[in-house]
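Take a look at the structure below.
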Amino acid sequence: MKTTKAKTGMKIPWDRYFSYSFTLLIIVQVILWDNFCNGQDYGTPSEEESSDPPPEMAKCNGIYMSYTFSGREKEYPHVKNITAQSWAFRANAMIINVGTEEVKGWQMFIGFRHKELIVSANGASPFDGDFPLDASKGTTFIGSSNTDLKTSIETAGDYNQISANIEIVGTLFGVKPSITPMPSNIKLTNDGWQCPAAKRRGGNMHVCCKKNPKLKAKPPPPKTKFAPRRYGDLNMVYDVLQAYGNNYLAQVTIDNNSPLGRLDHWNLTWEWMRGEFIYSMRGAYTHKKDASECIYSKAGQYYGDMDFSQVANCQKRPSISDLPPERKDDNVTGKLPFCCKNGTLLPPTMDPSKARSIFQLQVFKIPPDLNRTALYPPQHWKIDGVLNPQYKCGPPVRVDPTPFPDPGGLQATTYAMASWQVVCNITRPKAQTSRCCVSFSAFYNDSAIPCNTCACGCNDIDTDTCNANASPMLLPPDTLLVPFDNRTLKAKVWAKQKHMPIPKKLPCPDNCGVSINWHVNTDYRNGWTARMTIFNWKEVTFEDWFAAIEMGKSGEGYENVYSFNGTRLSPNNRTILFQGLPGLNYLVGEVNGTNPTKDPRVPGKQQSVISFTKKDINGLNIPGGDGFPTRIFFNGEECALPKHFPKKNAGNKHRISILTSLVFAAVSALALMMDSLLC
């Protein structure tokens, strides 16, 4: 038998040599395989990761949350001013249920305070908007994949079901390199939970939240598998009706729940996160149909034999709009209830049948989602219109499947295969972001206070020729009837007549498509009247228009409106909803003047007088501000109000004093004449 000689001088038989080598090879493979497996992200913790949890977490009997700052790097541009320097930062937030009660639809608030701009957050979705998200005043995260936190008891301690990990990437400003930028607080915002102030240690902070013991126990809600449905001004539901291996049929339902909310020519956008595309649609259409976007994508590689010229849309962020009414009975794209209204969503207080829109879409998927249960809704929903409130939409939240009446007319109920709810709420417009504005005038003052400068933005205006920050110039009331371009000369002449200063750089226009003039018409002992005029400076006609006027205490005395329909809105009856009368519910667009070469364009106009009583309302001061609205809405959009009210000017008082003096002088002269005659 052949032998080999080791370094020690021992002779090892060849058969044993191969046996030892084979055994050693097996041991090495086992070690490598073990290291390889533990290096993968399969939820199996390594020996380092399986160390004992923090003592605070072990002592917590509720919801444990932590925030860890991972680091930051200086971003471009590099500036000397520390407060203006931007930093790219990374952080990790964790929420884990270490108690005995399940938390459905968890909401974790992080109190950012360094002008943070969140770029991404793996493991969660922002509740307050889309990325990039302004989180300078704090923001709330909710689960994207794991929306509920089950207990260890019902999951045998499965971390994937009882916890969520959020990897945050963003930008912050104005923090010195020697300071660790941390949020002011972290807490659970779900109803019925209370959190003490978070404790901080260096770049880590943590808190243990518990059920509020003082909270009165409510009757348990119906048992649901998913998160309960929530109420919002605008409610959208994404229902999967049919599911196949590589595609599914979905239905989108949009409900307007706000008494003042409205959408005209709505436009809905979202973002596909897993390479999906829309094959066909009913009840709506996409604005772009470009087959090349599919052919040169992963979908085009997988569906090599598909005719993409027939595909409805291949964009990652499609833009979807409602169909016009003439497509309602179309066999291919129409024949859906509540579809095809040209994108109009009215408040339910006006017409419940026009407060809902529905459309359907056939969605194709790509690997690895090629099974019936691999269903993922699109993210980052946004909806807008021509002139409407500004909506802020949350992420899709999985809810119990939507029930539908049986299509065959039987006394049965069918359910969607899966449902997600998107809740949108109306936000107050920021400065210079409104799309309508208000001017004030009164019978006791010659001047009208026009809409604020750049009330609706100055993005399309050359501010080198006008002052975007100047206060508007007072105008004669008849000037409100002409476009802004024709007001400049009248404004200058009026200023000279009234001895008012004329700035070298005139203020910019308001740039609004719709304007409203509120004019105090009369003021007497038992009541007062106002006149409201609505101007449409757009070429778009507003069908079924409405305006809502929110008054102060004078609103309780509302009596009647004579050219509109008027309705008080509860609960305080100080808000009045005005609509056009039947046959007068169209606010036409702007048209050319009688002679287009020299006459200015003429806006669409609606006008009415409104009467109020002073009965049982004490202390009303109409010129002092009680005769003017505190808020005005047009088609749900909140309009920008002037910063001042018209006041009784000195000219009126002067005329009154002169008249009084003349009367007194006449009476005195008459008394002297009578006295001389008697003598």
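The values are calculated or read from the model by the stated rules, or taken from the named source; none is laboratory data. Given the structure is predicted, the values throughout are model-derived calculations rather than measurements. Please note: Cβ atoms are built from the backbone with ideal geometry, for glycine as well, and neighbour counts cover all protein chains shown. All accessible areas refer to the heavy atoms of the entire protein, side chains included, with ligands and DNA or RNA removed. Shrake-Rupley method; radii C 1.70, N 1.55, O 1.52, S 1.80 Å.
Taken together, GLU116, GLU167 contain a single residue that is surrounded by fewer than 18 Cβ atoms within 10 Å (Cβ to Cβ) and acidic (Asp, Glu), which is GLU167. Quickly run through the range 155-179 and pick out the residues that are in contact with a helix residue (DSSP H, G or I) (Cβ under 7 Å, 6 or more places away or on another chain), over 17 Å from TRP106 (Cα atoms) and without any contact (Cβ under 8 Å) to a residue 60 or more places away in the chain. Of everything in the range 155-179, just one residue is in contact with a helix residue (DSSP H, G or I) (Cβ under 7 Å, 6 or more places away or on another chain), over 17 Å from TRP106 (Cα atoms) and without any contact (Cβ under 8 Å) to a residue 60 or more places away in the chain, namely THR155. Might you check whether a residue that is over 23 Å from ALA197 (Cβ atoms), open to solvent by less than 20 Å² (accessible area, probe 1.4 Å) and either modelled with pLDDT under 95 or under 24 Å from the mean Cα position of the chain (by Cα) (or both) occurs anywhere in the range 173-184? The answer is no; no qualifying residue exists. Within the set TYR285, TYR303, the sole residue that is more than 30 Å from THR349 (Cβ to Cβ) and among the hydroxyl-bearing types (Ser, Thr, Tyr) turns out to be TYR303. Look at the range 602-617: where a residue is polar (S, T, N, Q) and a partner is surrounded by fewer than 16 Cβ atoms within 10 Å (Cβ to Cβ) and not in a loop (DSSP other than H, G, I, E, B), sitting 6+ places away or on another chain with Cβ atoms under 7 Å, you get SER611/GLU559; SER611/ASN560; THR613/GLU559. Surrounded by fewer than 22 Cβ atoms within 10 Å (Cβ to Cβ), of a type outside the set (A, V, I, L, M, F, W, C) and within 30 Å of ARG398 (Cβ to Cβ): is that true of THR427 in this structure? Against the criterion (surrounded by fewer than 22 Cβ atoms within 10 Å (Cβ to Cβ), of a type outside the set (A, V, I, L, M, F, W, C) and within 30 Å of ARG398 (Cβ to Cβ)), THR427 qualifies.
For the range 345-368, which positions are of a type in the set (Ser, Thr, Tyr), closer than 20 Å to VAL422 by Cα and either surrounded by fewer than 21 Cβ atoms within 10 Å (Cβ to Cβ) or under 17 Å from the mean Cα position of the chain (by Cα) (or both)? Before the answer, list the steps.
We begin by selecting, within the range 345-368, every residue of a type in the set (Ser, Thr, Tyr); these are 349, 353, 357.
Subsequent filtering for residues that are closer than 20 Å to VAL422 by Cα retains 357.
Residues satisfying the conditions do not exist here.
In the set ASP158, ASP191, only one residue is at pLDDT below 90, surrounded by fewer than 18 Cβ atoms within 10 Å (Cβ to Cβ) and among the acidic types (Asp, Glu); that residue is ASP191. A count restricted to the range 502-542 and to residues that are within 26 Å of ASN388 (Cα to Cα) and either in a loop (DSSP other than H, G, I, E, B) or out of contact with any Leu (no Cβ under 7 Å at 6 or more places or on another chain) (or both) stands at 20.
Within this structure, TYR562 fails the test of being open to solvent by less than 70 Å² (accessible area, probe 1.4 Å), among the hydroxyl-bearing types (Ser, Thr, Tyr) and on the phi < 0 side of the Ramachandran plot. Given the structure, is PRO503 open to solvent by less than 70 Å² (accessible area, probe 1.4 Å), in contact with a helix residue (DSSP H, G or I) (Cβ under 6 Å, 6 or more places away or on another chain) and farther than 20 Å from THR344 by Cβ? No, not satisfied.
For the range 543-571, taking the residues that are in a loop (DSSP other than H, G, I, E, B) and within 29 Å of the chain's Cα centre (by Cα), the one that is farthest from SER608 (Cα to Cα) is identified as PRO571.
If you go through the range 280-303 and keep only what is open to solvent by 60 Å² or more (accessible area, probe 1.4 Å) and part of a loop (DSSP other than H, G, I, E, B), you end up with HIS287, LYS288, LYS289, TYR296.
Checked against (1) modelled with pLDDT under 90; (2) within 24 Å of ALA227 (Cβ to Cβ), LEU375 passes all but condition (1). Of all residue pairs spaced 6 or more apart or on separate chains, those with beta-carbon atoms under 7 Å, a first member in the range 347-363 that is more than 18 Å from GLY232 (Cα to Cα) and a second member that is among the small types (Gly, Ala, Ser) and open to solvent by 40 Å² or more (accessible area, probe 1.4 Å) are GLN362/SER280. In the set ASN331, ASN371, only one residue is without any contact (Cβ under 8 Å) to a residue 12 or more places away in the chain, more than 30 Å from GLY232 (Cβ to Cβ), surrounded by fewer than 17 Cβ atoms within 10 Å (Cβ to Cβ) and not aromatic (Phe, Trp, Tyr); that residue is ASN331.
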